[in-house]
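Single-structure report; data block below.
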DNA sequence: CTGAAAGCGCTTACAG
DNA sequence: CTGAAAGCGCTTACAG
């Protein structure tokens, strides 16, 4: 360590730099000053190797350029940074193998824990690696149906119910559910909620697909070829709604008057659309922050803490598309 | 190292796991098999401490939830991941001090290099720390006017000229430039280009502000209180254009017929707007990928490589808002 | 082709 | 209050 050129031992330097032990004010300031003047920067690789602690946290999502995850990640970064922790990111593209590879390399880098929005197709087994090394992790957004794992997400059934109920109140009885992968828990729960909210006298037609703008556009086009009595679109998420908007207006339909549209997520762009989108707030930023907090507390307590599930209550954001 | 419980020395294990040295096929497979069966995961903290190499790259932007940087970062992550590198992210919120702190902690974590979109107010001095430690870094998107540094960005003057010229061709002579911080190089160059493209007989009114949706909305409202003969809006970027869209339609103006709007960036959402936005493509993904490639080549060659500036040629994306 | 030894830069008991 | 020594898990010359 360079700073020992101030005439003291390495141990002493380490002690003052870490604010540990009892060091005389004189040597303390001496060390601090020489460290500053030398522009000393701690090598955490070495310190972590010895102490076993890490300032890195793995942050794994399917695609950080998806506005939902961009918001989610930015919020997580914020709370992590406040604790001096740094997120290491990886996109899985919803590929389980890529996810496993990211897990391995991050583990290898010695991250202190993980925040993971599981790739499609993940099972509880996908994270056995982390259990084996006893690394704390919290899953979020995507529920893989494992009750023994910490999870922060939202109540999908309730979110669906809110959307369905809102439409029912507006008198819609024949509705299209656009986008979403039919085999996923997120979809099934949301669909169930929609059905409940709409009530038993209603009709729902489903047009599945990956939750992207493209799906929204294409599925809406298909729908419009034979619209029937459909008066409202429930879009799996706001990205899908974006695509639906463009297909709808390409058809000359006026959103909010000719046809209603509701989304899920409340990503920032939706409030600037024409008309602003009515959507079910799923708190991407709140989830990111909460997941980071939960991980932090897991890292602190580490053992002997039962698994927690926190579900944020979705909320209707009433705007002009319905 | 656990794997030496296969009867060989640590050195040998290290050699086979790194594919170095000449090892007999027999011991090689023996080691590989026992490593696999034991679920061995290399501790890179240790290996990096010794070898001085790192698999971490610092990725610093003002805000990763900004769609431009979300795209940028996702693309950078892609090319980094292909090389087995992992991005560590930090948002500066355009605060130079936060940027410095992130630089320090990442340095401390031993990143192999940096990709940085400089926070507003950065000067060449802001990165002296990296020069002192001889850490490769590439700046991008925001030009801080340092010619001795690797930079990947776009030609702002040209981008502005494209937008101005397009509007001039459509017969617009009285134009408002919405959003953007007037003291920034990016703004000044873009403005200069717009003026050139529009031609000398035109009028440009400026409504500055941080390049956000909110600014777009508020500045457009101010403009509309006294619109005068203004027939077109040039928005500093697509986020500003989003805000402008909502203010415009709240005023009952039909975009593309009553008034023209053009943006910069071409973030994904713009193509789904009503009407789709005419914008100047600035290649967020291309920039991210290119910056990562450039950093990679810097890390390889390391010394004796003159600074490079690569500017991507902007391109008009003609859609229906003009 | 393989092993023993040194050393990367720290932190952490342990003496004193 | 401070120092000497061991050791975190690797890689890398150096012998053999």
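Read the figures in this text as sums done on the coordinates, not as results from a lab. Keep in mind that this is a model prediction, so the values were computed, not measured. We place every Cβ from the backbone using ideal geometry, glycine too, and count neighbours over all the protein chains shown.
For the reader, a short list of remarks on this structure follows.
- Structural descriptor for the stretch A:156-281: relative contact order 26 percent, calculated from alpha carbon pairs under 8 angstrom and at least 6 residues apart.
- Burial ordering of B:127, A:236, fewest other beta-carbon atoms within 10 Å first: B:127, A:236
- Each of B:12, B:278, A:27 has some number of other Cβ atoms within 10 Å of its Cβ, and from fewest to most they run A:27, B:12, B:278.
- Comparing Cα centroids, the stretch A:161-175 and the stretch B:46-71 end up 46 angstrom apart.
- Angle between chain A longest axis and helix A:67-82 axis [Cα atoms, degrees, rounded to 10]: 20
- Between copies, residue B:171 shows label-point distances of 4.2 nm, shortest first, with the point placed 7 angstrom from Cα along Cα to C-beta.
- Reported to the nearest whole Å, the Cα centre-to-centre distance from the stretch A:272-306 to the stretch A:88-124 is 18.
- Taking the stretch B:1-75 and dividing mean pair separation by its residue count, relative contact order in percent (alpha carbons under 8 Å, at least six apart): 23
- Antiparallel DSSP beta bridges within the stretch B:156-281, as percent of all bridges there, nearest 5: 5
- Difference of contour (0.36 nm per residue) and Cα-Cα distance, residue B:95 to residue B:318: 76.8 nm
- Once C-alpha pairs closer than 8 Å and six or more residues apart are averaged by separation and normalised to the residue number of chain A, the relative contact order reads 17 percent.
- Cα gyration tensor, the stretch A:156-281 - rounded (a/c under 1.5), prolate or oblate: rounded
- Principal-axis tilt of helix B:185-198 within chain B, Cα atoms, nearest 10 degrees: 40
- Highest-MSF residue in chain B out of B:184, B:165, B:251 [GNM, Cα springs under 10 Å]: B:251
- When restricted to Cα atoms, the protein assembly as shown yields an Rg and a Dmax of 27.0, 86 Å, respectively.
- Percent of Cα pairs exceeding the 21 Å cut-off, where the set is the stretch B:44-128: 32
- Calculated [222 nm] ellipticity per residue, helices only, for chain A: -13000 deg cm²/dmol; basis is -39500 (n - 2.57) per DSSP H run with n ≥ 4, divided by all residues, nearest 500.
- Label distances, nm, residue B:227 versus same residue in remaining copies, Cβ-directed 7 Å point: 2.8
- Here the chain B residue lying nearest the rotation axis onto A, judged by its C-beta and given with the distance in whole angstrom, is B:70, 2.
- Label sites at residue A:43 and residue A:108, each approximated as a point 7 angstrom past Cα along Cα to Cβ, lie 2.1 nm apart.
- Separation in nanometres of the label points that stand 7 Å from Cα toward Cβ, at residue A:225 and residue A:182: 1.7
- Distances, shortest first, from the label point of residue A:252 to those at the same position in the other copies read 2.3 nm; the point lies 7 Å along Cα to C-beta.
- Applying 1/(1 + (r/R0)^6) with R0 = 60 Å to the Cβ-Cβ distance of residue A:131 and residue B:254 gives a FRET efficiency near 0.55.
- For chain A, the longest principal axis of the alpha carbon atoms and the long axis of helix A:213-225 meet at an angle near 10°.
- Chain A - Kirkwood radius from inverse mean 1/r over Cα pairs (Å): 22.0
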